[in-house]
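Data block below; observations after.
The values are calculated or read from the model by the stated rules, or taken from the named source; none is laboratory data. Computed from a predicted model, the values in this text were never measured in an experiment. Quick reminder, even Gly has a Cβ in these numbers, built from the backbone with ideal geometry, and neighbours come from all protein chains shown. Quick note on the areas: whole protein, heavy atoms, side chains included, nothing else; ligands and nucleic acids left out. Shrake-Rupley method; radii C 1.70, N 1.55, O 1.52, S 1.80 Å.
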Amino acid sequence: MPTRRDILKLFGAAATGAFASVVPGMALADGLTSYISKRPPVGKRKFVSNAVEHQLAMVKAAIRDPKLAWMFENCYPNTLDTTVELGTLDGKPDTFVITGDIDAMWLRDSSAQVVPYIPLAKNDPALQRLFRGLIRRQARCIRIDPYANAFMPDPHAPPLIWARHDSTDMKPGVGERKWEIDSLCYPIRLAHSYWQATADTEPFDDDWRAAMQLVLKTFREQQRKHDRGPYHFQRTSEVPTETQFLEGYGNPTRPNGMIHSMFRPSDDACLYPLFVPANLFAVVSLRQLAQMCRAIHHDLAFATDCEALAAEVEQAVHRDGRMHDADGREFWAYEIDGFGNQLFMDDANAPGLLSLPYLGYGKREDPIYRHTRDLVWSERNPYFFKGRAAEGIGGPHEGLRMIWPMSIMMYAQTSSDPAQIRQCLTWLRNTDAGSGFMHEAFDQDDPSHFTRSWFAWANTLFGELIVDVYRSHPDLLRG
């Protein structure tokens, strides 16, 4: 039975072969004054937004380096160009957003892929339709199964091929059923950001409210105060991080008020089920949900329940999820078990320790975060890699030596230091293997060895970074 990793490696191998004849030419092109766009022809683009096209042209014109400008042009609209399917359901907009090289929608990825376009939605009716449809589709997915991370376009379709023999309560329309806290946080982040940017309340109907009730119910179930809860997951695989321990319920914990997670946002299994970054993300999401339900629906009881759970989770994380170095300085653990065991590392995917301020938890200047950030970007983190091509964070998903460009982007997004941001832009510019796009991961010494040639989240996150640099440090793009 092929696994997700097997299929993605086939894509990566095909991409490497395809680029073998292109890369030498691109090396020569680096000295030229122009690059040829890698975007699909206008007539073959999945979705076109006038606001996005205007933003692209304006920012690209401000980038002096021709290769960086070319990469921005390719990456920033990549989600819209290649992954969006628009339709209608029950007479209302419906939007399905695939992750790229897999024809399925992850709740996390689909949310993160479109976040860079939210500031432009207020004055673009086409973007508003896209967001309304996606918010509705995500709510529908959550109502199908709040424990699933990925869904199929057809709600009656069988799972993704590598998930068809998983030992779990699989439902029609579910692509994969790995329980990850962030799968329920990201749709709230998307909904809240869209509402704040546009004041549009149209998609937040009774179906959406029912989905949000399930979110709160699921978070409370996974506090596991009285039993292990209904979720379990096992998979037959040669890769240990593809399955879970102890009949699929995960390693033992002492319940402490935190929410249990069986998998990380990398889709890799948690070692200790009390996953700190995702719990802090849940704190942010629950408070955003409370704000929306109080303002839009005047549902004070539900808002109060959300805020109470957020306070309980936050208190538990602050009590049990902090560690101390030899000098007594505090930093965040990555995972804990409630018995006093703590794991320190970081994974390139968000939520991770590095991405906490980006996701809305705390400030970049917070002393605990700053110390944590320094440690995860160092050899204290077993998944921090430093080579001839770049330095950055990877994770178990693609193994040792493999740096994820996403981690470099997040390092820049959480920095106020122009020199750090400039270095990150240089690493990203020089590790695309001549493709003009971001990849899932690349070898620390050899960027031509990479995984996933079509990974829309990484592409649009790069676009988001460039737009943010354009706004806050424009000299870095002109230099």
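Per-structure values
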quantity	calculated
log10 of Debye I(q)/I(0), alpha-carbon scatterers only, for the stretch 90-204 at 0.18 Å⁻¹	-0.86
Largest-first ordering by accessible area, 1.4 Å probe, given options Arg39, Arg471	Arg471, Arg39
DSSP-loop trypsin sites (Lys or Arg not before Pro) across the stretch 101-207, with at most 13 other Cβ within 10 angstrom	Arg164
Solvent-accessible surface (1.4 angstrom probe) belonging to Thr201, in square angstrom, nearest 10	70
Note, ³J(HN,Hα) from phi for the stretch 118-126, Karplus 6.51, -1.76, 1.60, rounded to Hz, x at Gly and Pro	4, x, 9, 6, 4, 10, 9, x, 5
Contour excess over end-to-end distance, with Cα ends at Ser237 and Asp103 and 0.36 nm allotted per residue	46.1 nm
Paramagnetic reach from Leu89 (point 7 Å along Cα→Cβ, amide N under 14 Å) across the stretch 147-179	150-157, 172-175
FRET efficiency, 1/(1 + (r/R0)^6) with R0 51 Å, evaluated for Arg478 and His226 via beta carbons	0.30
Cβ-based net charge around Ala433, under 11 Å, with every Lys or Arg adding one and every Asp or Glu removing one	-3
Protein-only accessible surface order, largest first, of Lys46, Lys67, Lys171 at 1.4 Å	Lys46, Lys171, Lys67
Label-point separation in nm, Asp325 to Ile161, each point 7 Å along Cα→Cβ	4.7
Label-point separation, Leu246 to Arg364 (7 Å along Cα→Cβ), nm	4.0
Distant alpha-carbon pairs in the stretch 262-379 (separation over 19 angstrom), percent	49
Within-9-Å neighbourhood charge of Ala333 [Cβ basis; K, R +1; D, E -1]	-1
³J(HN,Hα) computed for each position of the stretch 80-90 - Karplus, 6.51 cos²θ - 1.76 cosθ + 1.60, integer Hz, glycine/proline x	5, 5, 10, 10, 9, 10, 9, x, 9, 9, 6
Protein-only accessible surface order, largest first, of Glu202, Glu398 at 1.4 Å	Glu202, Glu398
Sites Lys171 and Ser416 - FRET efficiency at Förster radius 30 Å, r taken between beta-carbons, to 0.05	0.10
Sorted largest first, extent of the stretch 259-322 alpha carbons per principal axis (Å)	40, 26, 13
Residues of type lysines that Lys67 reaches as a straight line, Cα spacing below 21 Å, ignoring anything fewer than 8 places off in the same chain	Lys38
Inverse of mean 1/r across different Cα pairs in the stretch 386-463, Kirkwood, Å	12.2
Furthest towards positive pole of dipole, His371, Ala269, Ala326, structure part the stretch 269-371, Cβ charges	His371
Distant alpha-carbon pairs in the stretch 345-384 (separation over 16 angstrom), percent	28
For Arg254, distant residues with modelled amide H under 5 Å away	Gly338, Phe339
Descending semi-axes in Å of the stretch 216-318, equivalent ellipsoid built from Cα gyration tensor	28, 13, 12
Using θ = phi - 60° and Karplus 6.51 cos²θ - 1.76 cosθ + 1.60, couplings along the stretch 201-209 (whole Hz; Gly, Pro as x)	10, 4, x, 9, 8, 5, 5, 5, 5
Kirkwood Rh in Å, taken over all unlike Cα pairs in the chain	22.7
